[in-house]
Amino acid sequence: MPPPSSAASRDEPVIRDRGDACPGALRLHAADDGHLARIRIPGGLLTADAALALADAADRLGDGHLDLTSRGNAQLRGLGAGCGGELAALLTAAALLPAAAASHERVRNIVASPLSGLDRQRRTDVTPWVGELDRLLCASAAAAALSGRFLFALDDGRGDVTSLAPDVHVLALRTGEAVLWTHDDGDAVRVDHQDAPRAALTVAEHFLDAVRAAGTKAWRVSELPAEHRLESAELLARLRARGIAAERAEGFAARTGPGPVPGVVAGPDAERAALSVLAPLGRLTGDQWRLLAATAAAAAGSLRLTPWRGIVVPGVAAATAPAALARLAAAGLVTAPGDPWENVSACTGRPGCAKALADVRADARAVLARSGAAAGAAPVHWSGCERRCGHPRAAAWVDLVAGPRGYDLAVVGRSGPGGRPARVEVPAGTPDLTAALAEAAAAVTAPANTAVPADQQFQQFQQIQQQT
């Protein structure tokens, strides 16, 4: 079985013979459960009114649910084949499509630190960058050629979204500057804070020129061949030609950090707080979504969707925050750290995806019901096929991939004999899958000095298989 796509060597260019078919709000994807629309929400920033418009679209045109993606976007499923015009009109009225919708709506892939400006870390608030970069992207004729997978990350310095393997990293410094890089933080450049959005667009246009020179039709920076890799020397020249003061960021090394923890987030002052919640498997019912929108409307009037399939509600009165969080918990959302669902993700699986070999969401729920927190103690991703759509960007995680006879289980980031990931095939729907998952989760979370050796992990997995 091949490794996840994110593990592909950057020295091996990907040769594309077709354009990117990533779905959008106007380009619907035909799935087994109807058509799918993916609505780009730059930075995950969404007004309460726009959230209600999405709920209305899900009810009127889709299956009544909303899915959150690993890039902080929203998806509608179960759409009719002929609803495109009505959906576009609804999204336009809610300001969820850009003016240049047809040419640019799929390229607005921007993630931003979800707690930026909301907590007590006193970091630079990068949310103003989101709107400016989105405006610049949509005004750039060249940017329309970006694939629907090309990703910008605007990080306020905590290292949360730059850990998501974006194509363009933009990280704010406390000095009033920003650092930008693509494939290597050791080859980063430094610009003034106010120039960061223009610099990010310059990087993207530099990438497009490199794609044309390479002739490979690369969709992402990691797909460029080595001889066309983006280097800081050329980027510095391009930035300066546009009047952007820039220098090499000598000695810079990026840090990584986690996403928001579920719960009440103390605000910069004593009066206000934010609520952080997660949607199990990234899927919300209409009632859950409307409750979130109502909670936001009673606070600052906005929501922030996170790349970890969560939602942040800013501007809640600190005195009422615990009660508001309790209402969200009663609705079935994850509201406290340590919940078994906190680290579990899954692709769509059956019956929505024709390529899937299992109903991975149902299997994940069944295993979690039997095992509780043990199976959710480490990042675990359930995939219906070898594409592993939506898999986590963690240093180590448990990889469950459906096959013809069950699940192929591996610990990604830990090696077995011969340097291979330790893996075992376990039939679905049996206690053995639960046991193997618990063993794998323990291997991921064990401290480095007490971790079970990889060869021993592999032997344990084989023993479990033999007991089937």
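Summary of computed values
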item	result
Pair list, Cβ under 8 Å, 6 or more apart: segment 45-66 residue closer than 15 Å to Gly80 by Cα and in contact (Cβ under 8 Å) with a residue 40 or more places away in the chain, other residue open to solvent by less than 60 Å² (accessible area, probe 1.4 Å) and of a type in the set (A, V, I, L, M)	Ala58/Leu66; Ala58/Leu76; Gly64/Ala58; His65/Ala58; His65/Leu284
Meets criteria (out of contact with any His (no Cβ under 9 Å at 6 or more places or on another chain), in contact (Cβ under 8 Å) with a residue 24 or more places away in the chain, open to solvent by less than 30 Å² (accessible area, probe 1.4 Å) and assigned to a loop (DSSP other than H, G, I, E, B)) for Pro314	no
Within segment 1-87, strands (runs of 3 or more DSSP E) holding 2 or more residues that are at pLDDT below 95, more than 20 Å from Thr285 (Cβ to Cβ) and open to solvent by 50 Å² or more (accessible area, probe 1.4 Å)	29-31
Strands (runs of 3 or more DSSP E) contained entirely in segment 367-468, each with at least 1 residues that are farther than 22 Å from Trp341 by Cα and modelled with pLDDT under 80	406-415, 421-426
Scan of segment 189-212 for residues that are touching a Gly at 6+ places or on another chain (Cβ under 8 Å) and not in a helix (DSSP H, G or I), ordered by number	Asp192
Candidate set: segment 212-269, residues that are under 30 Å from Ala323 (Cα atoms) and of a type in the set (A, V, I, L, M); chosen: the one surrounded by the most Cβ atoms within 10 Å (Cβ to Cβ)	Val265
Which listed residue is among the hydrophobic types (A, V, I, L, M, F, W, C), open to solvent by less than 10 Å² (accessible area, probe 1.4 Å) and either modelled with pLDDT of 95 or more or assigned to a loop (DSSP other than H, G, I, E, B) (or both), from Leu180, Leu90, Leu115	Leu180
Glu247, sole failed condition from (1) under 23 Å from Asp160 (Cβ atoms); (2) in a strand (DSSP E or B); (3) out of contact with any Gly (no Cβ under 9 Å at 6 or more places or on another chain)	(1)
Answer from Ala101, Ala145 - the residue that is on the phi < 0 side of the Ramachandran plot and open to solvent by 50 Å² or more (accessible area, probe 1.4 Å)	Ala145
Subset tally (residues that are of a type in the set (D, E, K, R) and in contact with a helix residue (DSSP H, G or I) (Cβ under 6 Å, 6 or more places away or on another chain)) for segment 308-333	1
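Every residue, every condition in (1) modelled with pLDDT under 95; (2) assigned to a loop (DSSP other than H, G, I, E, B); (3) open to solvent by 10 Å² or more (accessible area, probe 1.4 Å), yes or no:
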{"position": "Asp134", "(1), (2), (3)": "no, no, yes"}
{"position": "Cys138", "(1), (2), (3)": "no, no, yes"}
{"position": "Gly159", "(1), (2), (3)": "no, yes, no"}
{"position": "Ser163", "(1), (2), (3)": "yes, no, yes"}
{"position": "His169", "(1), (2), (3)": "no, no, yes"}
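The values are calculated or read from the model by the stated rules, or taken from the named source; none is laboratory data. Keep in mind that what you see is a predicted model, and the values were worked out from it rather than measured. Reconstructed Cβ throughout: ideal geometry from the backbone, glycine too, with neighbour counts over all protein chains shown. Please note that ligands, DNA and RNA were not included when accessible areas were found on the heavy atoms of the full protein model with its side chains. Shrake-Rupley method; radii C 1.70, N 1.55, O 1.52, S 1.80 Å.
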